[in-house]
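Remarks on the structure that follows.
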Amino acid sequence: MAALTEVKVPDIGDFKDVPIIEVMVKPGDRVKAEDSLITLESDKATMDVPAPAAGTVKDLKVKLGDKVSEGTVILLLDAGATVQAAASALTPKTSVAAPPAPTSAATGVAEVRVPDIGDFKDVPVIEIMVKPGDAVKAEDALITLESDKATMDVPAPLAGVVNAINVKLGDKVSEGTVILTLTTGTATGDPVVAAATLVAAPTPPAPAAAPAGRAQPPAQAGAIDEAAFALAYAGPGVRKLARELGVDLGKVKGSGNKGRIVKEDVEAFVKGAPAAARAASAAAPSAGIGGVDLLPWPKVDFAKFGSIETKPLSRIKKISGANLHRNWVMIPHVTNHDDADITELEAFRVQLNKEIEKSGVRVSMLAFMIKAAVATLKKFPEFNASLDGDNLILKKYYHIGFAADTPQGLVVPV
C-alpha cells in the first residue's frame, strides 16, 4: 500500500485563521496535480489551494467554515490509488471513455461536456476560443465561464479537430452541458462522452510548439514582468498562449468584458508590436523607479547604524511589491486625522514641567508623540523596514526625525 501524503496549506503570506468557503473534493475523488482542493477567503483575497500531486483523496481533515493557516493539514492523499486507477482505465469501455492522457484518444467523435464546477449552475459563457475545423491539443482552452465568484476555462480533455460547437457566447451552462463535438482521427462509430477537467487557476506551462495557424513566438521578446503577468485579467488558456508567444500580459490591453484579455488581444499584440521594439524596451536600463524618471535608489548598508535582521519576502509580497511601489510613486497621498482624548496626558505634562521648572527645561507634547511612535514601530516592525531585493530589512533601532526651528534655520534632528 502506498504511503499517504499529508496535503497542507502552503505559504499564504501574512494571513492566519482564514475561513474555508468551499471544499471541492470528497473522500474517494481522484485529483490531478494543480486541481483545486479548497477555496479560502480572507478580507483581502480569495485563494484556491491546489493539489501538489496526483492521487486519490483518502480523508478530509477540514470542513466548510473551518479557519486554517499555513501548515494546516487539509487532507490525506494516496498517490498509489491513482496509478492503479490509471491502469484500469486502459480497459476498453463501450459507452463512456475516461479522459485520456494529453496525447490523443481512440478514433471517433467525442462529446465534450462541462465538468464538475462545484455548486455553480447556469454560468454564462463569456468567451469561445475555438471554431469548427480548429485542431486542438489536450488541455487547450475551449471556452471561458464566469460566475459571480470566479472565471474558469474549460480545456479540451483530448486532442482532435472541432466538429461542431453546441454553445454560443452568452449561453448559460451547467455541469454536463455539451460544449462541442471533437473528431479524433477518422470518425467512426457513435460519439463517446469526454468530460473536461476545469482549469481554476493559471499554471505557467513549459514552452511548447505552437499549434498550426498560430503566430510563432518572436525570437527575442525580452523579459516578462512576472508580477504584472500574474495580475493581468486573463484566463489560463490566454496565459498559456501568452507564454508560448513570449507576450507580457501586463502590457496587453484587454478588449473583453470588463477589460478581460482574450486570445485575439494577445495575437494582435504580437502582430502590432515588433519584436525588436519589445526587446529594446525590455533591455532599456531601468534608471527610474516605477516608470518615473527618478534617481536610482542608493545601496544602503543598514547594519552600520545598528542591529538588523534579514527576512526573505513571502510569495504574495513579491507579487504585490512592484505594484505597491508604483502606486506610492504615482498616486497622491492622503493624510488622515483622528481625535484622541489626551486630558490625562496633558495634565501629567503640566505637572512634570512644574516639577522641573527650576532646571529651565520644558517637556512638550512632541516627546510623548515620539515615544508613542517608537512603541508602535516595536509592535508593527514591518513599518520600520526597508526593501532590499527579495528581502525585507527589519530594523531593531528607531530613528525618529522632527522639524525644529533653529537660529540656523529649519533642521531635522534625529
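A few points about this structure:
- Take the Cβ atoms of V329 and K378, set R0 to 22 Å, and the FRET efficiency comes out at 0.15.
- Straight-line reach from K253: taking Cα to Cα under 13 Å and skipping same-chain neighbours fewer than 8 places apart, the aspartates and glutamates in range are E264, D265, E267.
- Reachable lysines, given that their alpha-carbon falls under 20 Å from the alpha-carbon of K172 and they are not under 8 places away in the same chain: K121, K131, K149, K258
- In this structure the amide hydrogen of A138, modeled in the peptide plane, comes within under 5 Å of the amide hydrogens of A159, none closer than 5 places in sequence on its chain.
- Around P50: net Lys/Arg minus Asp/Glu count, Cβ-Cβ under 11 Å: -2
- Only lysine pairs 8 or more places apart or on separate chains count here, and in segment 302-411 those with Cα atoms under 27 Å apart total 29.
- Net charge of neighbours whose Cβ lies under 9 Å from the Cβ of I393, counting Lys and Arg as +1 and Asp and Glu as -1: 0
Values quoted throughout were computed directly from the atomic coordinates according to the rules given, and no laboratory measurement underlies them. The structure presented is a predicted model; accordingly, all values stated were derived computationally and were not measured. Cβ atoms come from the backbone with ideal geometry, glycine included; neighbour counts cover every protein chain shown.
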